[in-house]
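Let me begin by presenting the structure, written as structure tokens, before commenting on it.
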Amino acid sequence: MLILGIESSCDDTAAAVLRNETTILSSVLTSQDAIHTRFGGVVPELASRNHLEAIVPVVRQALSHAEVLLEDIDLIAVTQGPGLIGSLLVGFSYAKALSFVSNIPCVGVDHMAGHILSVFLEEEKPEFPFISLVVSGGTSSIYLATSFHDFKLLGRTRDDAAGEAFDKVAKLLGFAYPGGPIVSKEAKSGDPQAIQFPRSWLEKDSLDFSFSGLKTSVLNHCNTEKQKNNTLQLADICASFQEAVVDVLVEKTLMAARQHNISTVVLGGGVSSNPRLREHMQKRSREEGKMLFIPRPEYCTDNAAMIAFAGFHCHRQCLDFSYDKDVYCRSLLA
Ligand code: KG4
């Protein structure tokens, strides 16, 4: 079975061809970072316009890299939500049209399901049930995954997502967008204990996150230092901020595993490509006797291979699809 995956939920246009859920024949992505960087964040209208220009060449490239023709494809899997409505509409409408004219079945995929399942693109696969931490630019959520289509939301951010916090802190430090990778690079030469930024644990046993207070603390620290005419120690600020985010993400994920008596933990989403998060999660999972699975960085960030994989399982479950289905901006996984 050949599955064509299409992803356009935010600012990356991606397409991939997967054979039998296990072999990635191609995975193509065009990033819009260069377009949005001067605005310090994604401009939705620009994102959808650029998806319009990119979608046809990206899909064509994915088919040609996989050395297959459109008529060889058995299933089109496309991100239906959550994400930016204008961006989603481009990929979703294109996939529906492609399906309609070529008579290939189509399936709408939840982007979060893609991130939760992206780890199955790797050789080493986890067994269900597992606890999944999905951390990206728009989400910080913990799920209990019991099958390829059963995900229970255990906790989520009440304000900023982890990636959003990285991007906002990067912006206030004068770095380009997306700031997460720049902050993590800068943090390598800093002292994570230099500044004691707050960790927001919320109520006892809560699996929710909150990162907006941490972001404000970084801003307050920078303002105080400037008032004292001190030079900002960028590497220390980045390392200390990163440590505060990582501490909370790791401990809450392991708390979820303890609360539900689950021995396997999985990461997904752009922020899980952060080296410090990967390293600290490894260490703490080992200490707690949990098995940890993290996809390689290119499968952590948005990609269409994970959408093709999740779509394969939606299709297997015979989730119905009709051409009057629409995109949605908030995740339906509850
Ligand atoms: O999953 P993703 O590719 O897509 C969206 O959410 O759209 O995640 C992108 C997010 C951005 O906020 C980016 O700054 C963050 O993931 N990110 C990182 C790192 N790499 C990407 N954050 C921290 N450290 C990184 N190394």
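No value in this document is a laboratory result; all are computed from the given coordinates. Not measured: the values here are computed from a predicted model. In this analysis, Cβ positions are derived from the backbone assuming ideal geometry, glycine residues included, and neighbour counts consider all displayed protein chains.
Measure off 7 Å from each Cα along the Cα-to-Cβ vector at ARG286 and LYS226, then give the distance between these two points in nanometres to one decimal.
The modelled label-to-label distance comes out at 4.2 nm.
Given labels modelled 7 Å from the Cα in the Cβ direction, how far is it in nm from LYS325 to LYS152?
2.5
Relative contact order for the chain: what is it in percent, counting Cα pairs under 8 Å that are at least 6 residues apart?
That works out to 24 percent.
Is the shape of the range 124-294 best called rounded, prolate or oblate, per the rule: a/c under 1.5 gives rounded, else a/b larger than b/c gives prolate, else oblate, with a ≥ b ≥ c the square roots of the Cα gyration tensor eigenvalues? Mind dumping the intermediate values first?
Details: a/c = 2.13, a/b = 2.00, b/c = 1.07.
Note, shape of the range 124-294 comes out prolate.
In whole Hz, what ³J(HN,Hα) sequence does the range 29-38 give by Karplus (6.51, -1.76, 1.60; θ = phi - 60°), x for Gly and Pro?
8, 10, 9, 9, 3, 5, 6, 8, 4, 6
Which percent, to the nearest 5, of DSSP beta bridges fully inside the chain are antiparallel? Kindly include the intermediate steps, with their values, before the conclusion.
Details: 26 of 43 bridges.
Antiparallel bridges make up about 60 percent of those DSSP assigns within the chain.
Using the Kirkwood radius over Cα pairs, work out the Stokes-Einstein diffusion coefficient for the chain at 4 °C and 1.567 mPa s, in µm²/s as a whole number. Could the numbers behind the result be given before it?
On the way: Rh = 20.3 Å.
Taking Rh from Cα pairs, D becomes 64 µm²/s.
For helix 234-259, what angle does its Cα long axis make with the longest principal axis of the chain, in degrees from 0 to 90 and rounded to 10?
Result, in degrees: 60.
Figure the gain on full extension for GLU71 and GLU251 (residue separation times 0.36 nm, minus the Cα-Cα span) and round it to one decimal in nm.
Numbers: separation 180, 0.36 × 180 = 64.80 nm, distance 4.78 nm.
Here the answer is 60.0 nm.
How large is the dipole of the range 124-294 about the Cα centre if only Lys and Arg carry +1 and Asp and Glu carry -1, each at its Cβ, rounded to the nearest 20 debye? Numbers along the way, then the final one.
Numbers: 21 positive and 20 negative charges, 22 e Å.
The dipole of the range 124-294 has a size of about 100 debye.
Would you mind getting me the FRET efficiency between GLN233 and ASN20? Use the beta-carbon distance for r and R0 = 45 Å, nearest 0.05. Intermediate values should be presented prior to the final figure.
Values: r = 52 Å, r/R0 = 1.15.
Efficiency, rounded to the nearest 0.05: 0.30.
Tell me, how many Å apart are the Cα centres for the range 182-234 and for the range 251-275?
Their Cα centres are 22 Å away from one another.
Take GLN259 and ARG296, extend 7 Å from each Cα along the Cα→Cβ direction, and tell me the distance between the two endpoints in nm.
Output for this residue pair reads 3.4 nm.
If you take the square roots of the eigenvalues of the alpha-carbon gyration tensor of the range 82-159 and sort them as a ≥ b ≥ c, do you get rounded (a/c under 1.5), prolate (a/b over b/c) or oblate?
Working: a/c = 2.66, a/b = 1.49, b/c = 1.79.
It comes out oblate by the Cα gyration axes.
Between the helical axis of 162-172 and the dominant principal axis of the chain, each derived from Cα atoms, what acute angle in degrees is found, rounded to the nearest 10?
60
Using the alpha-carbon atoms, what tilt in degrees (0 to 90, nearest 10) does helix 212-227 show relative to the longest principal axis of the chain?
50
So for the range 124-294, averaging the separation of alpha carbon pairs under 8 Å that are six or more residues apart and normalising by length, what relative contact order in percent results? Provide the component values of the computation, followed by the final result.
On the way: 321 pairs, mean separation 48.0, N = 171.
So the answer I get is 28 percent.
What dipole magnitude, in Debye to the nearest 20, does the chain give about its Cα centre under +1 on Lys/Arg Cβ and -1 on Asp/Glu Cβ? Before the final figure, lay out the partial values.
Details: 30 positive and 39 negative charges, 156 e Å.
In debye, rounded to 20, the chain gives about 760.
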